[in-house]
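The values are calculated or read from the model by the stated rules, or taken from the named source; none is laboratory data. These numbers come from a predicted model, not from an experiment. Please note: Cβ atoms are built from the backbone with ideal geometry, for glycine as well, and neighbour counts cover all protein chains shown. Just the protein is used for accessible areas: all its heavy atoms, side chains included, with ligands, DNA and RNA removed. Shrake-Rupley method; radii C 1.70, N 1.55, O 1.52, S 1.80 Å.
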Amino acid sequence: MTEINTRKSIKTKIIRNDEKGIQKARFIIQSLFALLCIWIGIEFYFFNQYLETGGATAFYSRPPGVDGFLPISSFMSFYYFLQTGIIHWAHPAGFFIFFAIVLMSLIFGKSFCSWFCPIGFISELVGDFGEKIFKRKLKLPKWLDYPLRSLKYLLLGFLIYSVVFLMTKAALKAFLDSPYNQVSDVKMYYFFAHISQTALIVIGVLFVLSIFIRSFWCRFLCPYGALLGIFSLLSPNKIQRNPKSCIDCGLCNKACPSFIKVDKVKTVISDECSTCLNCVDVCPVKDTLELRSILPGRKKINKKFVAIVVVLIFMIVTGFAMLTGNWQNKISKEEYLLHYKIMNSYGHPTGIKEFKKLNKDVEIKNK
Ligand code: SF4
Ligand code: SF4
């Protein structure tokens, strides 16, 4: 431990923070998860080849992890479980992945975004690239930043309103049972495999914007991130600053990818904090900026512990699903082949009117 010379050190003895950073471990976890997603993508490609050839090529089992890319279906499945106690059979892996992510958020805030999410990872790399070019983090002025940040909540609000307030339990079940939901993963595959020019332009624009404004998609548009941000407010573990030992160097502020003014608060209570621990890593003074529980006892949480817990949550929840036979869905390859032939005729109820119609159809059917 060494002393640092600063304005404050004249009066107080300041102990340098010699703790090792956690960013390397975070990068490794993000990279491994991205590789896992690529592997799932390759397996899913072969599964779709099997469908495309009408079963003429070798059969590749559908990778259940692909359900993780169906956040709306997973959210509906989760809500259906809350109402009925039943895990829906169409995309059970999506239900468990969603559950693991929510659990992570309740314990360590929006940690999924900064420790696992492949989109978050790419956004971070693109943001780092942008920072290298511009030599600083660019931030939109407040008058533009705040309204744009509310967009993701509007998207989330629409989704919650549609599912929770507009759909009856029977309509929710009808949607989850529907052929559209059963093959929504295959449809998503073809959305990207035969991507339209408009979609490509939108992705390109988001990519370019992320070079200028760090994590543009995550900050302004991702409804999943918005939901996790809300859950994260309930997390008892927060970044906390000790104003007595803080030397006001502002390094934490500069390091925060979410533009949170860490050096101005005692406790970071923000829907944007993703528990990336960048701020904690750069703080030069020992025991000054830490992840701590706000519950009585205010225990300090070791950085390594965060890495271990988030990985364990993911492994335990998905492992439980596998061991209990709730990972693979119950759709046979013969059913997939049948669906494939006619799946372009399957429509998605998108607007409020269509959700109301779905409720009515179910009512008529049940009479
Ligand atoms: S406050 Fe700290 S942990 Fe939260 S996002 Fe900013 S740098 Fe990461
Ligand atoms: S990094 Fe932040 S919390 Fe740590 S000493 Fe500097 S201003 Fe204070």
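A few remarks follow.
- G94 being of a type in the set (G, A, S), over 26 Å from V183 (Cβ atoms) and buried (at least 23 other Cβ atoms within 10 Å of the Cβ): no
- One residue stands out among those in the range 235-258 that are buried (at least 18 other Cβ atoms within 10 Å of the Cβ) and more than 18 Å from D287 (Cα to Cα): the one that is farthest from ligand 1 (Cβ to nearest atom), which is S235.
- Filtered residues of the range 233-257 (kept if near ligand 2 (Cβ under 6 Å from one of its atoms) and either part of a helix (DSSP H, G or I) or among the polar types (S, T, N, Q) (or both)): L251, C252
- Which listed residue, of W39, W89, is part of a helix (DSSP H, G or I), surrounded by fewer than 17 Cβ atoms within 10 Å (Cβ to Cβ) and hydrophobic (A, V, I, L, M, F, W, C): W39
- Cross-chain or 6+ apart pairs with Cβ under 8 Å, the range 135-160 first and at pLDDT below 95 and open to solvent by 70 Å² or more (accessible area, probe 1.4 Å), then outside any helix (DSSP H, G or I) and of a type in the set (A, V, I, L, M): K139/I213
- Filtered by the rule that a residue be open to solvent by 30 Å² or more (accessible area, probe 1.4 Å), free of Cβ contacts under 8 Å to residues at least 40 places away in the same chain and either near ligand 1 (Cβ under 10 Å from one of its atoms) or within 17 Å of G109 (Cβ to Cβ) (or both), the range 259-275 gives K261, V265, K266, T267, I269.
- Residue match in the range 119-126 (condition: modelled with pLDDT of 95 or more, touching a Gly at 6+ places or on another chain (Cβ under 7 Å) and either away from ligand 1 (no atom under 16 Å from the Cβ) or within 20 Å of L312 (Cβ to Cβ) (or both)): no
- For the range 261-284, filtered to residues that are more than 21 Å from F305 (Cα to Cα) and more than 22 Å from the chain's Cα centre (by Cα), the residue that is nearest to ligand 2 (Cβ to nearest atom) is D263.
- Subset of the range 257-308 [of a type in the set (S, T, Y) and touching a Cys at 6+ places or on another chain (Cβ under 7 Å)]: S258, S274, T288
- The single condition from (1) of a type outside the set (D, E); (2) more than 16 Å from ligand 2 (Cβ to nearest atom); (3) more than 30 Å from A93 (Cα to Cα); (4) open to solvent by 70 Å² or more (accessible area, probe 1.4 Å) that S293 fails is (4).
- The set of residues in the range 221-234 being farther than 16 Å from L159 by Cβ and surrounded by fewer than 23 Cβ atoms within 10 Å (Cβ to Cβ) consists of L233, L234.
- Each residue in the range 161-208 was checked for being outside any helix (DSSP H, G or I) and either of a type outside the set (S, T, N, Q) or open to solvent by 30 Å² or more (accessible area, probe 1.4 Å) (or both), and 6 of them qualify.
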